[in-house]
Amino acid sequence: MKPSADKLGLRLASLKEAVEAMEGRGNPAVVGRATKVATRAGQRVSMSADHTVVALAGSTGSGKSSLFNALTGTEYAQVAVRRPTTSRAMAVGWGTELPNELLDWLDVGRRHLVATDDERLRNLVLLDLPDHDSTEDAHRMTVDRMVDMVDALVWVVDPQKYADAALHDGYLKPLAEHADVMMVVLNQCDRLTGDQLKHCVSDLRGLLDREGLRASPLVATSAVRGSGVSELRESLVATVARKRAMVHRLSLDVKKAARQLSNDLGPKVPAKLNNSLKEQVIETMGEAAGVGLVVDGVHDAWQRRGAALTGWPLVSWVSRLRPDPLKQLRLGAMAALEHRPTDVNRTSLPKASAVQKARVDQGLRQLIDQAAQGMPTGWVAAVDQAAHGNQALLADELDTAIARTDLKVASGAWWWVLFSLLQWLLILTVVGGLAWWLAGPALAASGFGIPLLSWYGVPAGVWVALAGVLAGLILAGVGRLLVNAGAKARARRARKELNAAVSTAIEAQVFAPVQAELDRYHRAQAAVRAALR
Ligand SMILES: Nc1nc2c(ncn2[C@@H]2O[C@H](COP(=O)(O)OP(=O)(O)OP(=O)(O)O)[C@@H](O)[C@H]2O)c(=O)[nH]1
Ligand SMILES: [Mg+2]
């Protein structure tokens, strides 16, 4: 089925989308070619869709200009024995108006209008081109440009040079996919006998078929004698009447470009990022950013603060002398409040060690390898860049994330104060016992009525003081066990909170950009498939 203009529009839009997605990632030559095709096709469809531009191309002296004159019934084209003759393209349009915008776009300066009663010839624009094989580079460049731009091509060959490699290898074979919008004319057949012509036609037909040009008709003409010219004109008229050459040609262009993009993309199925590898990256990046240090700090700070309150007051003051690890790191509730978003170094966490950095790199490497496995190199580089591109921002965000995390250590446990109260009561008990022991005899003698008791020969005051000390130490021991358990729980919770905060930053600065590349690759594949449908 021949493609419709609507379908071409969809294909073209898909090709543009694929080109955009592959920009900077796909093979530059392939993407560049596809970009040109998309641009050219877009320009052509925006111009006269009623007109069909057919160009006569071929080697010098094959008789293009002679045929051009014969087909148009004019003498506009210069025909000569000297080679090459035609140096610039010339156009003839039939009817009352020339499609000037289209001819401007084709950059054909020499243009003529031919009046005709034949309605069927209207909308045909015939071009006489220079040769593709002369010594003049400019000629070949004109031909190459026109071959890319016109709607249909008629290749004119002569009996001597019909098998010429410059034509077959340089143009016909590479254009095999465009066979539907091409014709081949064997001109100067008046120079051949009937048998020679037959032989020549069958030889050329075989050659074309082998080159994949089965769909291109072959016509024999003599521009001098006029034989075959009306048949050729009829085929051109039929091409114009179908009004499909332009859409067909552009669809073939778009498909060819899309096929090349598809080959460049390869068959890789785009994946989602592997979850366990993501977790590994979060873990190692978190460690490198100091999560472990902060967790240890939370544990130690809780122990230190808890011990200071619940410990035996006569020795617990010692633990106050140790510096608070969280304050040293500029962390904790108060520190978090002090941090402003514009701070550069929010925390005083040390820089990642070489080992930590190596682990981060390895984790990222594995993540990238998994994500980009099977992708062409340009895409692997883009995924790599996406994973590493925001490093500075990430370091800053990780630090902020850690600084902002509420470590839940600002206020201690409610029972610490109770223990502290009890400890001081027990100290009072000790003091009271000692006072009873030391001041008891004097008070008893002065008749205050305080009894002087003793067990096993030891004064009761001493027993009371000893009991106070013992109870205080036991209470401190119990407190220590509880504080240690609390410190562990706080550390676990802090790790969870920190990892959550850290993973948000990593998600935004690493995983999301990498996933965006995978999505982009997927978009390119889907667009290429749509362009080929
Ligand atoms: N016998 C014979 N001679 C022809 C025929 N067609 C063209 N010629 C001659 O071949 C020579 C070249 O013809 P042109 O029409 O100028 O050829 P061209 O392909 O336009 O050549 P360039 O402009 O140089 O590319 C002229 O001398 C023509 O008279 C033909 O069908 N039979
Ligand atoms: Mg010529």
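One table, with the values for the structure above:
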read-out	value
Sole exception among (1) away from ligand 2 (no atom under 16 Å from the Cβ); (2) in contact (Cβ under 8 Å) with a residue 40 or more places away in the chain for residue 188, by number	(1)
Residue in the range 513-533 that is farthest from the chain's Cα centre (by Cα), counting only those that are surrounded by fewer than 15 Cβ atoms within 10 Å (Cβ to Cβ) and assigned to a helix (DSSP H, G or I)	529
Residue 271 being outside any helix (DSSP H, G or I) and either at negative phi or in contact with a Gly (Cβ under 9 Å, 6 or more places away or on another chain) (or both)	yes
Among residues of the range 117-137, those that are assigned to a loop (DSSP other than H, G, I, E, B) and within 16 Å of ligand 1 (Cβ to nearest atom), counted	8
Residues of the range 110-134 satisfying the condition of being out of contact with any Pro (no Cβ under 8 Å at 6 or more places or on another chain), more than 14 Å from ligand 2 (Cβ to nearest atom) and in contact (Cβ under 8 Å) with a residue 12 or more places away in the chain	111, 112, 113, 114, 115, 116, 118, 120, 121, 122, 123, 124
Search result, residues across the range 212-228 that are out of contact with any strand residue (DSSP E or B) (no Cβ under 9 Å at 6 or more places or on another chain) and over 18 Å from residue 200 (Cα atoms)	212, 224, 225, 226
Near pairs, Cβ below 8 angstrom, 6+ apart or cross-chain, from the range 300-326 (assigned by TED's automatic domain parsing to the domain that holds residue 410) to any residue that is of a type in the set (Val, Ile, Thr) and surrounded by fewer than 18 Cβ atoms within 10 Å (Cβ to Cβ)	309/417; 313/427; 314/427
Residues of the range 39-93 that turn out to be among the polar types (S, T, N, Q), over 24 Å from residue 137 (Cβ atoms) and within 16 Å of ligand 2 (Cβ to nearest atom), as a count	4
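The values are calculated or read from the model by the stated rules, or taken from the named source; none is laboratory data. This is a predicted model, so every value here is computed, not measured. Don't worry about glycine lacking a Cβ; one is built from the backbone with ideal geometry, like all the others, and counts go over all protein chains shown.
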